[in-house]
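The values are calculated or read from the model by the stated rules, or taken from the named source; none is laboratory data. Everything numeric in this text was worked out from a predicted model, so none of it was measured. With ideal geometry, Cβ positions are generated from the backbone for all residues, glycine too; neighbour counts draw on all protein chains shown.
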Amino acid sequence: MPDKKEPISRSERRELNKENQKKERQQEKEQKKKQKEEAKKQKEKQNDEKPKKYRRRILPIWLRIIIVFVICALALLTGLMIGYGIIGDGNPTDALKIDTWQHIIDIVTKTE
């Protein structure tokens, strides 16, 4: 006697469809993982074949830092001279003298 299929209810069909969809999603995820792994392997092979190029810097980092500090100091001194000499109507070189700064500190702290 041949096997007769019993009619399946809608809810059973939905459950079967959901299970099939879950299985398909899992298979797709596995395929994506495999593709990613293969891509990584190919990149590693390419990286291994190419020799690493080291960048030779014209100015080392420590020298760059020193240059930045020197430029900042020069900007500060230039600003002091312009502010004291041109804006303040004084002699620009007086801004660099210790006596001038002592006088300013005395005024701020109000010691005579």
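Overview of results
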quantity	calculated
Residues of region 67-112 satisfying the condition of being in contact with a helix residue (DSSP H, G or I) (Cβ under 6 Å, 6 or more places away or on another chain) and hydroxyl-bearing (Ser, Thr, Tyr)	TYR84, THR100
Residue list for region 75-95, filter: part of a helix (DSSP H, G or I), modelled with pLDDT under 90 and surrounded by 13 or more Cβ atoms within 10 Å (Cβ to Cβ)	TYR84, GLY85, PRO92, ASP94, ALA95
